Every structure is written in structure tokens, then in C-alpha cells.
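Before any comments, here is the structure.
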Amino acid sequence: MRSHPTPADFPALFFRSALGRFPTGVTVITAEHPDAGTPLGLTISSFSSVSLEPPMVLWTLTHTAASLSAFKKLDRYVIHVLSASQVDLARRFAKGPQAERFTGLALERAPNGTLMLADTHCAAWFECHNTQRHEAGDHTIFVGQVEHCHRQLLSPLIYHAGDFELTPGSEPLSRN
């Protein structure tokens, strides 16, 4: 007989703080809006490898994100793994109107035509075909099959305890 999960015995902010103890890389995902044809981009730290054969990765997006419906419709997107020198880019794509996120930035096309940042400081990038979407709690999980990728030997940008840093401090940034 299978058991069912019990309700959480902790508040959401405590859970978020506990998750913050696990450092993650930082990515910016770009594409073109499927209806408007305008640039679309956001900062995501929920990125992970899934499979080598075929090459697949995943990332998640909250159900409250204004761009969720657009990303669900997309055929392709590019995931840029940010380097340690790109904190400003991470902050820029984390909030604000889409048009402002791209103001003054050089853009180019990945091999299959997907809109991407023309930034030589990214540690890596992956052009992905948007193959699967799964609803999970308050997020949608996107699984992309990687069609093209590039990497450089640069130190990655790290997100830890609610901020971007390379050497975690002994005191958490959040008291939650």
C-alpha cells in the first residue's frame, strides 16, 4: 500500500531559506515572444542536467510569471549560464518590463535561429528544443533537448542564501 505525503510542518519562508543553503548556478533564458515577436528573457537559477543521450536539461518557472504562457508556446529557447562577472546581467533579467531587460544589449541568433545574447562573457549556452512541460506544485518544469551548445572555461555566477556570491558568509542574508 502506498502512503501519501503529510502536510509540511514548516512555513514557506523557512523552506525557501533552507533551499538557499544549496548553491546553484545562474542562467538567463532568452527567446522571441511566440505571438509578438519581441525579445523575451528572464533569470533562472532552477537549471539542471537531465540526460546525456539525448542531451536534455530542465528549468522551472513559477505559475505567477508574466512570461509563463509565452514560454509554454515556444519551440526553442537559449539558456545562458552566467559567469562570475555577470551579476549585473542576472539582476537586469530578474525583474522589470521585458523591453527594458534588452535595452542596449547586443543580440544574435543561435544556429537554429533562436534569439540569444551576443555576450562573450557567458560560461556556456544551450540552444534547446522545448520538448516537455510538467506542472509541479506552483511551478512548471520545462525540459529542453539541447541541439547546440558552447562553453568557456570561466567561473560561474553562484546564487546562494538569497544573493549572488562566490564565497558564502557565515551569516545568512535572510533571517527566515
Using a 1.4 angstrom probe and counting only protein chains, how large is the accessible area of LEU13 in Å², to 10?
100
Extension gain ALA106-LEU153, at 0.36 nm per residue separation less the Cα-Cα distance, in nm?
14.7 nm
Hey, with R₀ at 25 Å, roughly what FRET efficiency would GLU135 and ARG21 work out to, going by the Cβ-Cβ distance, to 0.05?
0.40
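The values are calculated or read from the model by the stated rules, or taken from the named source; none is laboratory data. From a predicted model like this one, the values you see are computed outputs, not experimental measurements. When we count neighbours, we look across all protein chains shown, and the Cβ atoms used for this are built from the backbone with ideal geometry, even at glycine. Areas reflect the complete protein model, heavy atoms only, side chains present, ligands, DNA and RNA absent. Shrake-Rupley method; radii C 1.70, N 1.55, O 1.52, S 1.80 Å.
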